[in-house]
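Heads up, the thing below is written out as structure tokens.
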Amino acid sequence: MSPAPARHVFVYGTLRRGEERDITRLQPAPRWLGRASVPGLMVDLGRYPGLVLGAPGQVLGEVYEISAALEQQLDMIEEVWPTPNGEYIKREIAVRLELEGARSSEVVCLVYALAPGQASGKTVIAGGDWVYHCGSRVRDRG
């Protein structure tokens, strides 16, 4: 029996390295593939962001290779399984992965995006970068 094909995930908010739910602290450990971006819009939901797929703009994040066991943990964190809460949906999309130099590659990734209607009335995060946005919020308070 051949091994299951590699799965990839695009993370853009609190699961990014160094953030509150840093994916690299989960087990089994994911394998870092690089920085990436997807077409869409990021909105501020308070303690975490949401991604609106199909909207104009770019959202910045990171891509990791993950195991089925880690995928299940992510499903629970994002509350799409075992009982979906309706805030996020899980999709597979093409992500532009940045490689060394000016090169890029496309990889299919899982992404946890906002369900339709969940972004209504929310503040757009200009530039689509949660880490930068959080840093600027801290600077604004200080």
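The values are calculated or read from the model by the stated rules, or taken from the named source; none is laboratory data. Values in this document were obtained by computation on a predicted structure and should not be read as measured data. Every residue, glycine among them, receives a Cβ derived from its backbone with ideal geometry; neighbour counts consider all protein chains shown. With ligands, DNA and RNA removed, areas are computed over all heavy atoms of the protein, side chains included. Shrake-Rupley method; radii C 1.70, N 1.55, O 1.52, S 1.80 Å.
Some observations on this one:
- Given +1 at the Cβ of Lys and Arg, -1 at the Cβ of Asp and Glu and no other charges, the dipole of region 1-120 around its Cα centre is 160 debye to the nearest 20.
- Label-reachable residues, region 36-63, where backbone N falls under 12 Å from a point 7 Å from GLU20's Cα toward its Cβ: 45-50
- Dipole of the chain [Lys/Arg +1, Asp/Glu -1 at C-beta], most positive-end residue of SER120, SER37, GLY18: GLY18
- ³J(HN,Hα), Karplus 6.51/-1.76/1.60, whole Hz, each residue of region 77-84, x for Gly, Pro: 4, 7, 6, 9, 7, x, 10, x
- Under DSSP loop assignment and at most 11 Cβ neighbours within 10 Å, longest GluC sites (Glu not before Pro)-free interval of the chain: 21-99
- For region 72-142: rounded, prolate or oblate by the Cα gyration tensor [a/c cutoff 1.5]: oblate
- Helix 130-141 and the longest principal axis of the C-alpha atoms of the chain enclose an angle of approximately 30°.
- Anisotropy class of region 20-84 from Cα gyration tensor, a/c 1.5 cut: oblate
- Cβ-Cβ FRET estimate between GLN73 and LEU53, R0 fixed at 22 Å, reported to 0.05: 0.45
- Two-decimal log10 I(q)/I(0) for the chain, as the Debye equation yields it once each C-alpha is a single scatterer, q = 0.09 Å⁻¹: -0.26
- The apolar share of the surface of region 52-126, taken as the fraction of accessible area on carbon and sulfur atoms (1.4 Å probe, ligands and nucleic acids excluded), comes to 52 percent.
- Restricting region 38-142 to trypsin sites (Lys or Arg not before Pro) that sit in a DSSP loop and have at most 10 other Cβ atoms within 10 Å of their own Cβ leaves ARG47, ARG103.
- Size-normalised alpha-carbon gyration radius of region 1-41, reference 2.2 N^0.38 Å: 1.38
- Computed [θ] at 222 nm, deg cm²/dmol, the chain (DSSP H ≥ 4; -39,500 (n - 2.57); rounded to nearest 500): -4500 deg cm²/dmol
- Built amide H within the under 5 Å cut-off of GLY34, gap 5+: VAL63
- Kirkwood-Stokes translational diffusion coefficient of region 88-128, alpha-carbon pairs, 37 °C, 0.692 mPa s, µm²/s: 262
- Taking every C-alpha pair closer than 8 Å and separated by at least 6 residues, the mean separation divided by the residue count of the chain gives a relative contact order of 28 percent.
- Region 11-28 versus region 59-96: alpha-carbon centroid distance in Å: 12
- If R0 equals 41 Å, the separation of the Cβ atoms of ALA4 and SER120 corresponds to a calculated FRET efficiency of about 0.60.
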